[in-house]
Amino acid sequence: MIAEETSIEGCYIITPRIFKDERGYFIETFNNQTFFEKTGIATQFVQDNQSKSSVGVLRGLHFQQGGYAQAKLVRVIQGSVLDICVDLRPNSKTLGQYVSVVLSGDNFKQLYVPRGFAHGFVVLEDETIFSYKCDNFYNKNSEGGIIYNDPDIAIDWRIPEEKLILSDKDKHLPTLKEYLAK
């Protein structure tokens, strides 16, 4: 496994070892001991989630707050996404900055999103299956979000805005400034 820290402290791109032969391939998608050795992060994942989406679906930018904050290890099983995480940590020197990475069923890359980050992705291929591990349980009353097109964050989603497919909830999230002012 290769763990590459991104430009934002605590956020890692994980590339597992792939063993290929004439039968196909084998990958170990997560090993807690190796993860700790490579990142120094001790984690215990307690919930796995999966979604299936079509091209243009944008999910995010979401997070859990307070005692239900979550770190996530995200990956794509089939298809591809542009995955985004935005630093929301109040005292961080990278507050409001984001990391983006293409995750696909072909490149096997994963993104570790620490607690204190908003997370989202836009689907680049039909029939994309997205999977993620969380280190804390979901709690509806603790969910939060930042609007996907916040002009101060200025995320390049790589898909024209008129072709994006969002939930009603995601269309009405606050900007980062509005969230921080609460």
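The values are calculated or read from the model by the stated rules, or taken from the named source; none is laboratory data. The shown structure was predicted, so the numbers you read here are calculated from the model rather than taken from an experiment. Quick reminder, even Gly has a Cβ in these numbers, built from the backbone with ideal geometry, and neighbours come from all protein chains shown.
Computed values, structure above
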{"read-out": "Any hit, the range 145-158, residues being assigned to a strand (DSSP E or B), buried (at least 17 other Cβ atoms within 10 Å of the Cβ), in contact with an Asp or Glu (Cβ under 9 Å, 6 or more places away or on another chain) and at pLDDT 95 or above", "value": "yes"}
{"read-out": "Complete set of residues in the range 162-174 that are more than 16 Å from the chain's Cα centre (by Cα) and either surrounded by 10 or more Cβ atoms within 10 Å (Cβ to Cβ) or closer than 13 Å to Tyr98 by Cα (or both)", "value": "Lys163, Leu164, Ile165, Leu166, Ser167, Lys169, Lys171, His172, Leu173, Pro174"}
{"read-out": "Pair list, Cβ under 7 Å, 6 or more apart: the range 101-112 residue among the β-branched types (Val, Ile, Thr) and part of a strand (DSSP E or B), other residue modelled with pLDDT of 95 or more and surrounded by 15 or more Cβ atoms within 10 Å (Cβ to Cβ)", "value": "Val101/Ile13; Val101/Asp83; Val101/Lys109; Val101/Leu111; Val102/Ser80; Val102/Leu82"}
{"read-out": "Test for Leu82: is it assigned to a strand (DSSP E or B) and surrounded by 23 or more Cβ atoms within 10 Å (Cβ to Cβ)", "value": "no"}
{"read-out": "Selected residue (criterion: surrounded by the most Cβ atoms within 10 Å (Cβ to Cβ)) from residues of the range 85-122 that are closer than 17 Å to Asp170 by Cα and touching a Phe, Trp or Tyr at 6+ places or on another chain (Cβ under 6 Å)", "value": "Cys85"}
{"read-out": "Residues within the range 113-130 that are touching a Cys at 6+ places or on another chain (Cβ under 7 Å) and touching a residue at least 60 places away in the same chain (Cβ under 8 Å), tallied", "value": "3"}
{"read-out": "Filter pass, Arg89 being part of a loop (DSSP other than H, G, I, E, B), under 12 Å from the mean Cα position of the chain (by Cα) and among the basic types (Lys, Arg)", "value": "no"}
{"read-out": "Residue check, Arg75 outside any loop (DSSP other than H, G, I, E, B), of a type in the set (D, E, K, R), on the phi < 0 side of the Ramachandran plot and in contact with a Leu (Cβ under 8 Å, 6 or more places away or on another chain)", "value": "yes"}
{"read-out": "Gly66 being in contact with a His (Cβ under 8 Å, 6 or more places away or on another chain), closer than 29 Å to Thr29 by Cα and either at pLDDT 95 or above or surrounded by fewer than 16 Cβ atoms within 10 Å (Cβ to Cβ) (or both)", "value": "no"}
